[in-house]
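Visitor: Take this structure first; my questions come after.
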Amino acid sequence: MNEMVLLGDEALALGALHAGLSCGFGYPGTPSTEIMEYLIDNYEKNGDPVAQWCSNEKTAYESALGASFLGKRSIITMKHVGLNVCADPFMNSSLLGIKGGLIIVVADDPSMHSSQGEQDSRFYADFAMIPCFEPTTQQEAYEMVFDAFALSEKEHVPVMMRMVTRLAHSRAAVTPVSPANRLSQNDISKGDRIEWMLLPALARKNYEKMLEKQKTLNDLSNQSKWNPIVINEMRDDLAIVTSGLGRNYYLESLGDYMQLSNARYENHGLPSMLHIGQWPLPEESLNKLAETAKTILVIEEGMPIIEKKLRGLLPQNTKVIGKLSGLLPRTGELNPDNVRKALGVPLHDSMLSLMISKNREASELLENLPGRPPQLCKGCPHHDSYTALNKAVAGLTANAGSDNVAVMADIGCYSLGASAPLNACETIVCMGASLGMARGASQAGCKYTFGVIGDSTFLHSGITNLVDAVSTKTPMTAIILDNSIVAMTGCQKTILPSSALEPLILGLGIEKEHLRVLATNPANIDENARIIAEEAEYRGPSVIIMVRECLEAFRIRTKKERAKAALAEAAQNNAKTGDK
Ligand code: SF4
């Protein structure tokens, strides 16, 4: 097959299709969403392999485990914080006798472009003692899937693939394997039930087996083509370790770094170098580097996990430098400039003067531009919902004081209601936390507490907090902003339609008269504010569903409907022409 220009996420998805995937499950989250969108698109066109969004990352993980138990290759996709949600099945799955290859794809977001926190999922892989592949290019993202499935099935372990935003969301040419080299789906038997039952006596044995496997996994890392090592014995001053995108930035500065090295080190060439694309850490290769050079510079994207581990692994007289030592920045992403700086390579003269003149132009422009913080789309239904809530809150605060009113929000487009001009909420922590925090604040004595949550986030992990509120008859009001879509990640379908919300909430035990469904629009603001204040007075749990379709979802839906209508019309016209 010819080259294809693909996003990193799409390359990985295509790799999974060509490596015999049977089932893909995930929860949308930037920057991982496009993997599952690619697989779902394929599923809708070809009917196989299965690809589905799930309620949350935990349910996705458990579905993939079910497929793996059945001997099928499966993949789970999520953003880094999603791994916290499925940490329970994730950690336990490392003790199972994995049958069909199981890959957990986690997309980290260094610099928090679209996240509430920064995490490095390699810590999780290390914690669970499972292998982790970290691609540097789109081609590697494609190819590593084959190796990850093979390793998972050979060693009976789950395997993580760590992506990062820049790779997930940039495009490059990818050359897929020829059709003859693509793998078919597994057609093998179920897993061994003894290896899949984590009862204490059996789990203890599995844990011992997992510890024994570590030596093999380590040997495989030392021999892996993804961990290439180049030794230059002429340079004993420095060796370089790269991982992920760190290698790209190092390679970008190589021409100038070579000149600098030759000038400083009598043409002895570049320092020894090890790239780490497969975990666990290749200890033998790292020790080889330490035998060659006194100092090791680690260039890694994300948190300084390699640097940290090397300090305990290598002889004490080996100096390890990188992010922990302050040579590279701890916050934000790596980039070619901060890597050049760490290598001691000055910015090229022409580059420098270009940057200075461009910077001058840019700063002049910036000075004259008004600030543009992210905002809700103009006409977004959340704006009207928050305006009504603000009105109700103002009245309640005037009567009871601000310590007796608390508004907790959640993760979604509506998080933007926290900033000006709405300033409508006081907390944003993690998926589902709004309802739990509203309940906790109420139990702690706050008279009026609100948990504001989207329909999808409610189904993801808000629902269990509502169960707690019902079981404890906690006075609090859950406000579910139902815009019929998962808007923030690009308008995926909500896992259940809006029509399912009311029966679900009543089924949980919310009293019928305290489940209010309101159309949210400018004309209803006063009436909606009155109802919100009324429900806040109720000394038990109440739910208000505020309904209006997201504008973006409306745009996509009507575009699809128009295209469908145009196709139908064209078919009708063709039929008429044929009749004649
Ligand atoms: S995408 Fe939809 S929900 Fe998000 S801000 Fe825009 S209109 Fe509102």
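The values are calculated or read from the model by the stated rules, or taken from the named source; none is laboratory data. Just so it is clear, the structure is predicted and the values come from calculations on it, not from any experiment. Virtual Cβ from ideal backbone geometry, glycine too; neighbours counted across all protein chains shown. The protein model used for the area step is the full one, side chains on, heavy atoms only, and it has no ligands, DNA or RNA in it. Shrake-Rupley method; radii C 1.70, N 1.55, O 1.52, S 1.80 Å.
Visitor: Restricting to region 381-411, give me the number of residues that are within 13 Å of the ligand (Cβ to nearest atom), within 20 Å of GLU527 (Cβ to Cβ) and open to solvent by less than 30 Å² (accessible area, probe 1.4 Å).
Guide: Going through region 381-411 one residue at a time, the tally reaches 5.
Visitor: Then there's this: Residues to consider are ASN92, ASN46, ASN84, ASN56; find the one that is modelled with pLDDT of 95 or more and within 11 Å of the chain's Cα centre (by Cα). Walk me through how you get there before you give the answer.
Guide: Numbers: ASN92 fails: within 11 Å of the chain's Cα centre (by Cα); ASN46 fails: within 11 Å of the chain's Cα centre (by Cα); ASN56 fails: within 11 Å of the chain's Cα centre (by Cα).
Going through ASN92, ASN46, ASN84, ASN56 in turn, just one is modelled with pLDDT of 95 or more and within 11 Å of the chain's Cα centre (by Cα): ASN84.
Visitor: Oh, and also: Please list, ordered by first then second residue, the pairs with beta carbon atoms under 7 Å, 6 or more apart or interchain, first in region 205-218 and aliphatic (A, V, I, L, M), second in a helix (DSSP H, G or I).
Guide: LEU217/GLU155
Visitor: Select, from ALA533, ALA500, ALA469, the only residue that is free of Cβ contacts under 8 Å to residues at least 12 places away in the same chain and farther than 27 Å from SER115 by Cβ.
Guide: Working: ALA533 fails: free of Cβ contacts under 8 Å to residues at least 12 places away in the same chain; ALA469 fails: free of Cβ contacts under 8 Å to residues at least 12 places away in the same chain.
Being free of Cβ contacts under 8 Å to residues at least 12 places away in the same chain and farther than 27 Å from SER115 by Cβ holds for just one of ALA533, ALA500, ALA469, which is ALA500.
Visitor: Consider VAL452 carefully, then state whether it is at pLDDT 95 or above and surrounded by fewer than 24 Cβ atoms within 10 Å (Cβ to Cβ).
Guide: no
Visitor: Being charged (D, E, K, R) and within 21 Å of SER221 (Cβ to Cβ) is true for just one of ARG162, ARG171, ARG193. Which residue is that?
Guide: When all the criteria are applied, what remains is ARG162.
Visitor: Quick one: count up the residues across region 474-499 that are more than 16 Å from the ligand (Cβ to nearest atom), at pLDDT below 95 and farther than 14 Å from HIS460 by Cα.
Guide: Residues that pass the stated criteria total 1.
Visitor: OK, next. Hey, can you tell me all the residues within region 164-199 that are part of a loop (DSSP other than H, G, I, E, B) and either of a type in the set (Ser, Thr, Tyr) or within 13 Å of GLU143 (Cβ to Cβ) (or both)? Full working, then the answer.
Guide: Applying the first criterion (part of a loop (DSSP other than H, G, I, E, B)) to region 164-199 yields 169-170, 175-178, 182, 184-192, 197-199.
Listed by number, the residues that qualify are SER170, THR175, PRO176, VAL177, SER178, ARG182, SER184, SER189.
Visitor: Tell me which residues, restricted to region 412-433, are within 16 Å of the ligand (Cβ to nearest atom) and hydroxyl-bearing (Ser, Thr, Tyr).
Guide: Within region 412-433, TYR414, SER415, SER419 meet the criteria.
Visitor: Only one of (1) open to solvent by 10 Å² or more (accessible area, probe 1.4 Å); (2) not in a loop (DSSP other than H, G, I, E, B) fails for SER114. Which number is that?
Guide: (2)
Visitor: Only residues that are surrounded by fewer than 14 Cβ atoms within 10 Å (Cβ to Cβ) and either part of a loop (DSSP other than H, G, I, E, B) or of a type in the set (Ser, Thr, Tyr) (or both): list them for region 208-227, please.
Guide: Of everything in region 208-227, those that are surrounded by fewer than 14 Cβ atoms within 10 Å (Cβ to Cβ) and either part of a loop (DSSP other than H, G, I, E, B) or of a type in the set (Ser, Thr, Tyr) (or both) turn out to be THR216, LYS225.
Visitor: Scan region 505-526 and tell me whether some residue there is within 30 Å of MET78 (Cα to Cα), outside any strand (DSSP E or B) and open to solvent by 30 Å² or more (accessible area, probe 1.4 Å). Outline the logic, then answer.
Guide: Looking only at region 505-526, we keep the residues that are within 30 Å of MET78 (Cα to Cα), and these are 505, 507-508.
After this cut, where a residue has to be outside any strand (DSSP E or B) as well, the list is 505, 507-508.
Of the ones still in play, those that are also open to solvent by 30 Å² or more (accessible area, probe 1.4 Å) are 507-508.
Among the residues of region 505-526, at least one is within 30 Å of MET78 (Cα to Cα), outside any strand (DSSP E or B) and open to solvent by 30 Å² or more (accessible area, probe 1.4 Å), which makes the answer yes.
Visitor: Looking only at residues in region 529-567 that are in a helix (DSSP H, G or I) and closer than 26 Å to THR464 by Cα, which one is farthest from the ligand (Cβ to nearest atom)?
Guide: Filtering region 529-567 down to residues in a helix (DSSP H, G or I) leaves 529-537, 551-567.
Narrowing further to those that are closer than 26 Å to THR464 by Cα: 531-537.
Values: ILE531: 22, ILE532: 19, ALA533: 24, GLU534: 26, GLU535: 23, ALA536: 24, GLU537: 29 Å.
Only one residue tops the list, namely GLU537.
Visitor: Does region 188-200 include one or more residues that are farther than 30 Å from LEU96 by Cβ, in contact (Cβ under 8 Å) with a residue 12 or more places away in the chain, open to solvent by less than 20 Å² (accessible area, probe 1.4 Å) and not polar (S, T, N, Q)? Walk me through it before giving the result.
Guide: Within region 188-200, the subset farther than 30 Å from LEU96 by Cβ is none.
No; the residues of region 188-200 include none that is farther than 30 Å from LEU96 by Cβ, in contact (Cβ under 8 Å) with a residue 12 or more places away in the chain, open to solvent by less than 20 Å² (accessible area, probe 1.4 Å) and not polar (S, T, N, Q).
Visitor: With the requirement that a residue be within 24 Å of GLN119 (Cα to Cα) and away from the ligand (no atom under 16 Å from the Cβ), what does region 436-458 give you?
Guide: Matches in region 436-458: GLY436, MET437.
Visitor: In addition: So which strands (runs of 3 or more DSSP E) stay within region 15-103 end to end and still have 1 or more residues that are closer than 17 Å to ALA168 by Cα?
Guide: On the way: elements: 23-26, 50-53, 74-79.
Of the strands (runs of 3 or more DSSP E) lying wholly inside region 15-103, those with at least 1 residues that are closer than 17 Å to ALA168 by Cα span 23-26, 74-79.
Visitor: Filter region 117-146 for residues that are assigned to a loop (DSSP other than H, G, I, E, B) and among the acidic types (Asp, Glu); which is most open to solvent (accessible area, probe 1.4 Å)?
Guide: Pass one, region 117-146, residues assigned to a loop (DSSP other than H, G, I, E, B): 117-121, 129-131, 134-137.
Restricting the remaining residues to those that are among the acidic types (Asp, Glu) gives 118, 120, 134.
On the way: GLU118: 44, ASP120: 6, GLU134: 4 Å².
Here the answer is GLU118.
Visitor: Let me confirm something: among LEU324, LEU347, LEU270, LEU343, which residue is closer than 17 Å to ILE231 by Cα, of a type in the set (A, V, I, L, M, F, W, C) and more than 24 Å from the chain's Cα centre (by Cα)?
Guide: Working: LEU324 fails: closer than 17 Å to ILE231 by Cα; LEU347 fails: closer than 17 Å to ILE231 by Cα; LEU343 fails: closer than 17 Å to ILE231 by Cα.
Among LEU324, LEU347, LEU270, LEU343, only LEU270 is closer than 17 Å to ILE231 by Cα, of a type in the set (A, V, I, L, M, F, W, C) and more than 24 Å from the chain's Cα centre (by Cα).
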